[in-house]
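Please treat every number below as a calculation from the coordinates, not as lab data. Nothing here was measured: the structure is a model prediction, and the numbers come from that model. Note: ideal-geometry Cβ built from the backbone for every residue, glycine included; neighbour counts use all protein chains shown.
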Amino acid sequence: MENTNVTNYRIAPSILSADFARLGEEVRDVIAAGADLIHFDVMDNHYVPNLTFGPMVCEALKPYATVPIDVHLMVEPVDDLIQSFAKAGADMITFHPEASRHVDRSLSLIKDAGCQAGLVLNPATPVYLLENVLERLDMVLLMSVNPGFGGQSFIPQTLVKIRQVRDLLDMYESESGRRIALEVDGGIKVDNIAAIADAGADTFVAGSAIFGQADYKAVIDQMRTALA
Ligand code: DX5
Ligand code: ZN
C-alpha cells in the first residue's frame with residue numbers, strides 16, 4: 001500500500017465560523033490561504049438545534065469558490081434540498097442517514113445530479129449503516145462532535161471509529177479498486193490533526209481553529225506540517 005503523504009490530505013475549512021457579514025471575501029481568503037475544499041454546514045433548526053444558510057447562499061458563494069464546495073446537510077428531510085444544492089453549485093453533498101426515509105434513494109439523487117455523495121455518521125450512529133451502500137459513496141463523514149455548533153471539543157472515542165471505518169473502506173477498495181474518502185468533522189485543531197490522520201482520516205473539517213485566528217494561512221500551514 002502506497003504511503004499516504006501530505007498531498008493526499010485535504011483541509012476543508014467550515015465557513016460556519018466565518019464572518020457571515022463578509023462570506024464571499026472569507027471564502028476567497030481561506031482558499032488563498034490553502035483550503036482544499038469549502039465545507040458548507042447547512043442547519044435547519046429541526047434536525048439540529050441551529051439555523052444557518054441554504055442553497056441561495058451557496059449559489060451566491062459559488063463564484064468565489066475556486067475549490068469544490070462540500071455541502072454537509074444537517075436537515076430533515078433531505079431529498080428536495082439535495083436537488084436545490086446540486087443546482088446551486090455543490091460539488092459534494094453529504095447527509096445524515098437518520099434524516100432520510102430512503103437512504104439509497106437520497107444517495108442516488110446526489111449521484112444523478114452529478115455530485116459526489118457521502119453519508120455522515122454522528123458519534124452514536126453505528127458504522128454498519130455504511131455496509132450496504134458502499135458502491136454509492138464517494139466519501140464518509142464522521143462527526144467527532146454532535147452536530148449543530150462549531151467550537152465544540154473533539155470526542156476522543158472517534159479515533160476508534162475512524163479506524164473501524166478505515167478498515168471497512170480499505171477492504172472495499174481492495175475488492176473494487178475504488179477509494180472512498182474519509183472525512184472527520186468537529187473539534188479538529190493543529191494539535192490533534194496528526195492523531196486523526198494516523199487513525200485513517202484523509203479529509204479534515206476545521207471551523208473555529210481556522211476562522212478563530214487572524215492568519216488563516218498560518219493555521220493551515222501548521223496543520224499541513226503536523227500532517228507531514
Ligand atoms: C458541526 C459542523 C462542523 C463545525 C466544525 O455541526 O458540522 O462542520 O463547523 O466546527 P469546529 O471546527 O469549530 O468544531
Ligand atoms: Zn460540517
Give me P(r) over the chain, computed from all C-alpha to C-alpha distances, binned every 5 Å, as integer percentages. 1, 7, 16, 20, 22, 18, 11, 4, 1, 0
Springs between alpha-carbon atoms under 10 Å, Gaussian network over the chain: tell me which of ALA21, ALA218, ALA99 tops the mean-square fluctuations. ALA21
Relative contact order of region 152-228, please, whole-number percent, based on alpha carbon pairs below 8 angstrom and at least 6 residues apart. 31
For the chain, percent of DSSP beta bridges that are antiparallel (nearest 5) comes out at 5
According to a simple spin-label model (label point 7 Å from Cα along Cα-to-Cβ), what is the distance in nm between GLU175 and ASP80? 3.7
